[in-house]
Amino acid sequence: MAEENTVLEQVFEAQGAAGAARRRDFGLAARRAALGRLAQAVQRAESAICDALAADLGRAPAESLLVEVTPLLQDLAEARRHLPRWMRPRRVRGGLAGLGTVARLVPEPRGRALIIAPWNYPVSLALGPLVSALAAGCSAIIKPSELAPATSALIARLVADCFPPDLVAVVEGDMDVATRLLALPFDHIFFTGSPAVGRVVMAAAARHLTSVTLELGGKSPCIIGPGADLARAARWVAFGKFANAGQTCIAPDHLFVHDSIAAPFKAALLAEIARIYPAGRDLAAIVSDRHATRLRDMLAEALNRGARLLTGGPGQGRQMPPSVLEALAPDTPLACEEIFGPILPILPFSDIETVISRINAGDKPLALYIFDHDRAMIDRVIAGTSSGAVGVNLTMIHFSHPGLPFGGVGVSGQGQAHGRWGFLAFSHEKPVLENRFSPAPLLFPPYGARSRRMIGWVKRLTAWSLPRR
Ligand code: NAD
């Protein structure tokens, strides 16, 4: 423990003194080279990554390529391509108050970053934030999740092969290691995980006034409206809910299904589940026995309290089949907690306003999905609710859209990731204002007749640009 402690602190120290010098030289070419090294390492390790994910999560290699490796490589390609533009200082206009000056925003690296990752997408949620940290010119310590040990060890090897530890280091371990890391005065913490641990991270960050990005979770609702294309909706919902066995932060947590289409939609959904997972093939496993027990207990309690199972069941060991149920009692754990597993409750509705009220009564979700073709209803849901993102007639893929930021709001998170937004998370956009011929000294004291006249003009000019009434 004492030895580990020294290693952990030594790495942090190395990123302090030596790392500060390295960061000063970490310009465009060096950052692109670092991103290039990471991209090549990920490509070379592709099959080892799929093997590690299969060992930790029982995930099919094709799914790992689709949901982790490819989005990560896309992120790397985007960052390398756009880095010159992101790093370039941005000129900004100042109107009257900026007269005679030149203003620009200069992004500077925040410095030493800590990245804490979860187990559910353990590669992309550890290395994705690293892409942003390197693009921004930060050094980083990554703490992968102990619940995905094969992937954690692989990430440690991969990073050690690519980077000196005073630039990027991986510290493996559980919450005790995370706690020790959180005691150190990092310049930025990028945390992905549960809202409960997000609170712990934010409290720890407060001690050093460290800035945070919190990528959290919660219950993401999905609405199937009366005008939905039912076969299409069933297809997207089945993929979004049951990929990675439902252990996805933006998986639809539960469905609100309009009464008028409930029967055909349920039939379409069950048919789709049977079609895409014949005999459970290609279904990922639950990450641990403890998590499987939690899910089985939630399912059992819901069924004891009157819920009806349309398909699925408790499964065995770490395997759980896709389960769909209805008639869920409102105060059961399945109805109240983030499910984070392959169990999908269906809740009926007849009036969209009741759905909006129910969503607004809970924590702000990370994602909200709506399936319908009624523009007015879609717009009503978007305007009437608050969530990290909205998906219309799709699930999940907003995560990997290169033009969109990713993040939550309220309890589902704060700050944004991906692309330029990820770069900004690890940067301080420093305002720099240069004087060319600023008339401001005319307004300085002593406040004689001339300066009072000038202040009066400034006030009148300012008032002129305000509404008259
Ligand atoms: P978690 O919060 O239990 O753990 C995340 C990380 O925090 C792990 O590395 C863990 O070792 C560490 N940790 C655990 N307890 C800690 C403590 N007391 N102090 C400091 N560190 C601690 O989350 P998880 O179970 O790994 O992941 C599931 C959760 O993450 C879900 O809520 C899911 O919605 C959310 N999630 C969010 C996103 C997103 O991008 N918004 C992505 C994936 C998962």
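Within the group 192, 213, which residue is over 24 Å from residue 361 (Cβ atoms), within 9 Å of the ligand (Cβ to nearest atom) and either surrounded by 23 or more Cβ atoms within 10 Å (Cβ to Cβ) or among the aromatic types (Phe, Trp, Tyr) (or both)? If you could, list the steps in order and put the result at the bottom.
Working: 213 fails: within 9 Å of the ligand (Cβ to nearest atom).
That would be 192, the only listed residue that is over 24 Å from residue 361 (Cβ atoms), within 9 Å of the ligand (Cβ to nearest atom) and either surrounded by 23 or more Cβ atoms within 10 Å (Cβ to Cβ) or among the aromatic types (Phe, Trp, Tyr) (or both).
Where in the range 251-328 are there strands (runs of 3 or more DSSP E), lying wholly inside it, with at least 2 residues that are touching a Ser or Thr at 6+ places or on another chain (Cβ under 7 Å)? Lay out the reasoning, then the answer.
Details: elements: 254-258, 308-311, 323-326.
So the answer is 308-311, 323-326.
Out of (1) buried (at least 16 other Cβ atoms within 10 Å of the Cβ); (2) closer than 20 Å to residue 80 by Cα; (3) at pLDDT below 90, the odd one out for residue 24 is which?
Failing condition for residue 24: (1).
Of the residues 64, 47, which is modelled with pLDDT of 95 or more, open to solvent by 70 Å² or more (accessible area, probe 1.4 Å) and either within 16 Å of the ligand (Cβ to nearest atom) or of a type in the set (Gly, Ala, Ser) (or both)? Before the answer, list the steps.
On the way: 64 fails: open to solvent by 70 Å² or more (accessible area, probe 1.4 Å).
That would be 47, the only listed residue that is modelled with pLDDT of 95 or more, open to solvent by 70 Å² or more (accessible area, probe 1.4 Å) and either within 16 Å of the ligand (Cβ to nearest atom) or of a type in the set (Gly, Ala, Ser) (or both).
Is at least one residue of the range 196-204 open to solvent by less than 60 Å² (accessible area, probe 1.4 Å), more than 11 Å from the ligand (Cβ to nearest atom) and under 26 Å from residue 248 (Cβ atoms)?
For the range 196-204, residues open to solvent by less than 60 Å² (accessible area, probe 1.4 Å), more than 11 Å from the ligand (Cβ to nearest atom) and under 26 Å from residue 248 (Cβ atoms): absent.
Against the conditions (1) among the acidic types (Asp, Glu); (2) in contact with a Gly (Cβ under 8 Å, 6 or more places away or on another chain); (3) free of Cβ contacts under 8 Å to residues at least 60 places away in the same chain, where does residue 272 fall short? Just the number, please.
For residue 272, the failing item is (2).
Given the residues 413, 388, which is the only one that is surrounded by 21 or more Cβ atoms within 10 Å (Cβ to Cβ), within 16 Å of the ligand (Cβ to nearest atom), closer than 21 Å to residue 136 by Cβ and under 12 Å from the mean Cα position of the chain (by Cα)?
Details: 388 fails: closer than 21 Å to residue 136 by Cβ.
None of the other options fit; the residue is 413.
Which of the residues spanning the range 429-469 are within 30 Å of residue 106 (Cβ to Cβ), basic (Lys, Arg) and in a loop (DSSP other than H, G, I, E, B)? Let's see the steps before the verdict.
The first filter runs over the range 429-469 and keeps only residues within 30 Å of residue 106 (Cβ to Cβ), leaving 429-444, 458, 461-462, 465.
With basic (Lys, Arg) added as a condition, the list becomes 430, 436.
Across the range 429-469, the qualifying residue is only 436.
Residues checked against (1) more than 24 Å from residue 224 (Cα to Cα); (2) not charged (D, E, K, R):
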| position | (1), (2) |
| --- | --- |
| 374 | no, no |
| 385 | no, yes |
| 416 | yes, yes |
| 431 | yes, yes |
| 440 | yes, yes |
| 446 | yes, yes |
| 449 | yes, yes |
| 456 | yes, yes |
| 459 | yes, no |
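The values are calculated or read from the model by the stated rules, or taken from the named source; none is laboratory data. No experiment lies behind these values; they were computed from the predicted model shown. Note that we place each Cβ from the backbone using ideal geometry, even for glycine, and neighbour counts take in every protein chain shown. Ligands, DNA and RNA are excluded from the accessible area calculation, which covers all protein heavy atoms including side chains. Shrake-Rupley method; radii C 1.70, N 1.55, O 1.52, S 1.80 Å.
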